[in-house]
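The values are calculated or read from the model by the stated rules, or taken from the named source; none is laboratory data. This is a predicted model, so every value here is computed, not measured. Just so you know, the surface numbers come from the protein's heavy atoms only, side chains and all, with ligands and any DNA or RNA stripped out. Shrake-Rupley method; radii C 1.70, N 1.55, O 1.52, S 1.80 Å.
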Amino acid sequence: MDFRALGTGCTVLVTDPAQLDRAVDAVRAELTDIDLACSRFRPDSELEKVNANTGAAVEVGPLLVDAVLVALRAAELTDGDVDPTVGEALRVLGYDRDFNALPKDGEAVATLVHVPGWQLIRVDRQRSTVRVPKGVRLDLGATAKALAADRASTRAAAVAGCGVLVSLGGDLAVAGPPPPRGWAVRVTDDHAAAPDADGQTVLVESGGLATSSTTVRRWARGGEDLHHVVDPRTGRPADEVWRTVSVAAASCVDANIASTAAIIKGEAAPAWLESLGLPARLVLPEGSVVRVGGWPE
């Protein structure tokens, strides 16, 4: 079943068709919880409560605490390449609302924003508080979407009692017993592309698979093409060494951390992914493919 959630397309597949409705209900419930906790685009979210009260320790629910800790772990694992303090940089670049409502052109970006760095964030799990310094805006972005896929698939598999695949904008997680040969997944630049789109079909049995791309979420300001993967060192969209990176890992969160970081690391990405033993498929702008970590030919 396909539907829209978290500003992107969501697909839910099950190994037992009789359990589809139960699985979808569980997924929808999880995504509603994630949206209310982590959305940068709804004023009633807990994340926006934190962003509106910078400098103070803001009491939030355990889900947002977990989501912020996941984002901080991503920053630590990638030496700051995936940094949740890019929120203000994204706003200045023009990505200040749900992407479907975003004007695809506008005035030139007049200033660039220094990304302050993830080390400044303070999370107190015991008190259930999050504190960001004044002038800092959090954007949990991709890690929250990946966390949602992991949590939703686990929740749905427990309710449905069968294998479940949940894909959010191309970032997917599986839980429960897989089909006999695994889940067949088409890896392309755009998760919404047709099944026969340019790409590769792989089989996923467990964990997660994530794709980060500079080709889909694009807009322009002052005639300059921009995309949503921001390099924290510059406050600007990352150089487009790779148009798309897909990574398989033990969870969708880990796969997403690696695929996003690879876009930002550029030429250093293949060796970095190889050192982690992560199967990955990297696509150059002209379409040639580099495979590392045992990604199938």
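Quick one: if you take sqrt(5λ) for each eigenvalue of the C-alpha gyration tensor of the stretch 197-297, what semi-axes come out, biggest first, whole angstrom? Before the final figure, lay out each step's value.
Working: eigenvalues 111, 41, 32 Å².
Over the Cα atoms of the stretch 197-297, the ellipsoid semi-axes are 24, 14, 13 Å.
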(request) Report the far tail of the P(r) of the stretch 41-90, meaning the percent of Cα-Cα pairs longer than 12 Å. (result) 69
(message) Under the rule of at least 5 residues apart or a separate chain, name every residue whose amide H is placed under 5 Å from the amide H of residue 183.
(response) 204, 205
(message) Accessible area per residue for the stretch 1-102 in Å², computed with a 1.4 Å probe and the full protein assembly in place, what is it?
(response) 43
(message) Accessible area of the stretch 196-297 with a 1.4 Å probe: how many percent of it is carbon plus sulfur?
(response) 49
(message) Using protein chains only and a probe of 1.4 angstrom, how many square angstrom of residue 234 are accessible, to the nearest 10?
(response) 70
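With viscosity set to 0.692 mPa s at 37 °C, what whole-number translational diffusion coefficient in µm²/s follows for the stretch 147-217 from Stokes-Einstein and a Kirkwood radius over Cα pairs? Intermediate results must be reported in sequence, preceding the final value.
On the way: Rh = 12.6 Å.
D, rounded to a whole number, is 260 µm²/s.
Pulled fully out, how much extra length does the chain show between residue 28 and residue 122, if you take 0.36 nm times their separation in residues and subtract their Cα-Cα distance? Mind showing how you got there, number by number?
Numbers: separation 94, 0.36 × 94 = 33.84 nm, distance 3.02 nm.
Here the answer is 30.8 nm.
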(message) Tell me the accessible surface of residue 24 in square angstrom (1.4 angstrom probe, heavy atoms of protein chains only), to the nearest ten.
(response) 10
(request) Would you kindly find the accessible area of residue 265, with a 1.4 Å probe and non-protein molecules such as ligands, DNA and RNA excluded, rounding to the nearest 10 Å²? (result) 50
(request) At a 1.4 Å probe radius, which order do 118, 242 fall into by accessible area, largest first? (result) 118, 242
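Work out how much length residue 18 to residue 234 would gain on full extension: take 0.36 nm times their residue separation and subtract the Cα-Cα distance, in nm to one decimal. Write down the numbers at each step before the final one.
On the way: separation 216, 0.36 × 216 = 77.76 nm, distance 5.01 nm.
Extra length available between residue 18 and residue 234 comes to 72.7 nm.
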(request) Would you mind working out the accessible area per residue for the stretch 196-297, using a 1.4 Å probe, and quoting it in Å²? (result) 40
(request) Name the aspartates and glutamates eligible as straight-distance cross-link partners of residue 49: C-alpha to C-alpha under 12 Å, and not fewer than 8 places from it in the same chain. (result) 59
(request) Find, to one decimal place in angstroms, the Kirkwood hydrodynamic radius of the chain, where the mean of 1/r is taken over every pair of different Cα atoms and then inverted. (result) 19.4
(message) Could you work out how much longer the chain between residue 91 and residue 59 gets when fully extended? Use 0.36 nm per residue separation minus the Cα distance between them, nm to one decimal.
(response) 9.1 nm
(request) Take the chain, connect every pair of alpha-carbon atoms lying under 10 Å apart with a spring to form a Gaussian network, then pick out the residue of 79, 66, 239 with the largest mean-square fluctuation. (result) 79
